[in-house]
Amino acid sequence: MIATSLLAGSLLLASGCGTEPSAVTATGAAPSQAAPSQAAPSQPVSHTVAPQTEPTGGTPKPTKPEGHTDNPRKVRWLKATPSKDRRSLRVVWWSGVEPCNVLDRVTVRETSKKVTVTLWEGPSSKVQNVACIEIAIQKVTTVKLKKPLGHRKIVDGSRL
């Protein structure tokens, strides 16, 4: 049953590729009958689709913790880059659109050997019964450290 449905769908898709949409001219004739010079191409027609960029223009969306989410969960981050003076970290992660994915808080635990950064996200508690598209967005937040990073290791708290 599934194979038959897949085959039928593939045939419908293939039959529509490389052809012009059927239309009727003012005289009631199909375009191929009305103008012999507009015959269908002998080779398949193809086109290139431009790659889609981030909705934020290809750069991560700056985000600040809002602290008002329902059931926040730990979120893995991609990278944490120290500032030039090594007193803060720029943390980048993949997320979804707001209000379904809101940065609730960032917890930072500093020891003499490592700095553990944990991102917490959840749906906004300010909005109810809302639908969000499922699209990935890179976000970034800046975290200030109590002491300069020095030679300490940066650890993702969601992976512990």
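Stretched out fully, how many nm does the piece from K147 to R159 gain, at 0.36 nm a residue minus the Cα gap?
2.0 nm is the gain from fully extending K147 to R159.
To the nearest 10 Å², what's D70's accessible area with a 1.4 Å probe?
Using a 1.4 Å probe on the heavy atoms, I get roughly 60 Å².
How about segment 101-148: which trypsin sites (Lys or Arg not before Pro) there are in a DSSP loop, with at most 13 other Cβ atoms within 10 Å of their Cβ?
On the way: sites: R105, R109, K113, K114, K126, K139, K144, K146; in loops: K113, K126, K146.
Of the trypsin sites (Lys or Arg not before Pro), the ones in loops of segment 101-148 whose Cβ has at most 13 other Cβ atoms within 10 Å are K113, K126, K146.
Any chance you could run the full-extension gain for I135 through K64? It's 0.36 nm times the residue separation minus the Cα-Cα distance, nm to one decimal.
23.6 nm
Can you list the GluC sites (Glu not before Pro) in segment 99-160 that are in a DSSP coil and have 12 or fewer other beta carbons within 10 angstrom?
E134
The values are calculated or read from the model by the stated rules, or taken from the named source; none is laboratory data. In this text, all values refer to a predicted model and were calculated from it rather than measured experimentally. Glycine also receives a Cβ, built like all others from the backbone with ideal geometry; neighbour counts cover every protein chain displayed. Calculation scope for accessible area: heavy atoms of the full protein, side chains included, ligands and nucleic acids excluded. Shrake-Rupley method; radii C 1.70, N 1.55, O 1.52, S 1.80 Å.
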